[in-house]
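S.K.: Here you go, one structure.
The values are calculated or read from the model by the stated rules, or taken from the named source; none is laboratory data. Worth saying up front: this structure is predicted, and the values here are computed from it rather than measured. Don't worry about glycine lacking a Cβ; one is built from the backbone with ideal geometry, like all the others, and counts go over all protein chains shown.
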Amino acid sequence: MPPRLTLSTALLLTLPPMLWAGNAVVGRMVTPLVPPLTLNFLRWAIAFLLLLPFGWRLLRASSPIWPRMRRYAVLGLLGIGCYNALQYQAVKTSTPINVTLVAASIPFFMLAVGALFFGQRITGRQMTGAALSIAGVLVVLCRGDAAQLAHVHFVAGDLFMLLATAAWALYSWLLTRPGDPPEVRSHWAGILVAQMVPGVAWSALFAASETLLGAPPIQWGWPLAAALAYVAVGPAILAYRSWGLGVQRVGPTIAAFFSNLTPLFAALFSAAFLGEPPRLFHALAFVLIVAGIVVSSRR
């Protein structure tokens, strides 16, 4: 029997897609200013410094995170070192419509990872909910015209996003596994700080490799500073905290359907900031995506 989805949990899981939609837009905008792997490192380094006053006790030698560092190293690699780095790399080499299309496969990745590695039984409601949710995403991508899907061409960046989606599915499932000591679970920033310790190290390693391979220099200025402030506070701290709490309440399978709200928010942001007015197909997509969430989460 699937966990019950309450209004507070639904709101909690709606916030990350909204912030992540903005993250994709900002990542695309600052592509000429900073290399993608370096952007990921700067983002998480800033987020770590912001959380340090709230979680510095976890870095003491007697902290319970050190005996469990293998678990946090894996979570940090998947959720911090890989997912966002691959996403920034994808928006650099691929088109926004392709990246969104590939990311829309996350409900299937969640079901597959859960069935293959965590003994999760796939129900008919979950499959129906996944189909409805994907249909809503496709409506957004084709802008209400199914013929537009025939003109989509995949490039190397789409593979980066496919890998990012698989990493995120595994990361979300691992969040539900026991292993966090009470001192970490009881502290609002504890789980994030525990993941950031190895996650920032992974990001620094990837950024250093990018620099050694000849990445262009960073173009410092107010536009980049504003972008870093947003991606560090919103999509990093607030979104990850909300996602982690939501996954712990209802499980990664139900939470995965909320991630498909990201392209819908991206369409709304385009209407707000790029002068593209909302159209009827946006409403249809919203109905389909929400229907997928409701169907998959019903008892």
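S.K.: Just to be sure I understand the filter: pairs with C-beta atoms under 7 Å, separated by 6 or more residues or on different chains, first member in segment 179-206 and outside any helix (DSSP H, G or I), second member modelled with pLDDT of 80 or more and crowded, with 17+ Cβ neighbours inside 10 Å. Which pairs pass?
M.R.: Hits for this filter: G179/R71; A189/L51.
S.K.: Restricting to segment 231-253, what's the tally of residues that are more than 15 Å from the chain's Cα centre (by Cα) and either under 22 Å from I46 (Cα atoms) or among the hydrophobic types (A, V, I, L, M, F, W, C) (or both)?
M.R.: 1
S.K.: From the residues in segment 108-135 that are under 18 Å from the mean Cα position of the chain (by Cα) and more than 13 Å from W173 (Cβ to Cβ), which one is surrounded by the fewest Cβ atoms within 10 Å (Cβ to Cβ)?
M.R.: My answer is F108.
S.K.: Given the conditions (1) small (G, A, S); (2) buried (at least 20 other Cβ atoms within 10 Å of the Cβ); (3) modelled with pLDDT under 65, report the number of the one that S172 does not fulfil.
M.R.: With (1) small (G, A, S); (2) buried (at least 20 other Cβ atoms within 10 Å of the Cβ); (3) modelled with pLDDT under 65 applied to S172, the lone miss is (3).
S.K.: If L245 passes every condition in (1) closer than 23 Å to G27 by Cα; (2) surrounded by fewer than 19 Cβ atoms within 10 Å (Cβ to Cβ); (3) modelled with pLDDT of 80 or more but one, which one does it miss?
M.R.: Single failed check for L245: (1).
S.K.: Restricting attention to segment 136-148, report how many residues are more than 19 Å from A169 (Cα to Cα) and of a type in the set (V, I, T).
M.R.: Adding up the residues that qualify gives 2.
S.K.: Which residue out of V152, V137, V184, V193 is at pLDDT 75 or above and in contact with a helix residue (DSSP H, G or I) (Cβ under 8 Å, 6 or more places away or on another chain)?
M.R.: V193
S.K.: Sticking with this structure for a sec: What residue, among those in segment 27-40 that are buried (at least 21 other Cβ atoms within 10 Å of the Cβ) and in contact with a Gly (Cβ under 9 Å, 6 or more places away or on another chain), is nearest to V247 (Cα to Cα)?
M.R.: This residue is N40.
S.K.: Right, another one. When segment 113-135 is examined, which residues are found to be in a helix (DSSP H, G or I), polar (S, T, N, Q) and in contact with a Gly (Cβ under 7 Å, 6 or more places away or on another chain)?
M.R.: Passing the criteria: only S133.
S.K.: With the requirement that a residue be at pLDDT 90 or above and aliphatic (A, V, I, L, M), what does segment 40-69 give you?
M.R.: Hits for segment 40-69 are L42, A45, I46, A47, L49, L50.
S.K.: Between V25, V30, V102, V34, which is of a type in the set (V, I, T) and under 20 Å from A167 (Cα atoms)?
M.R.: Every option except V102 fails the conditions.
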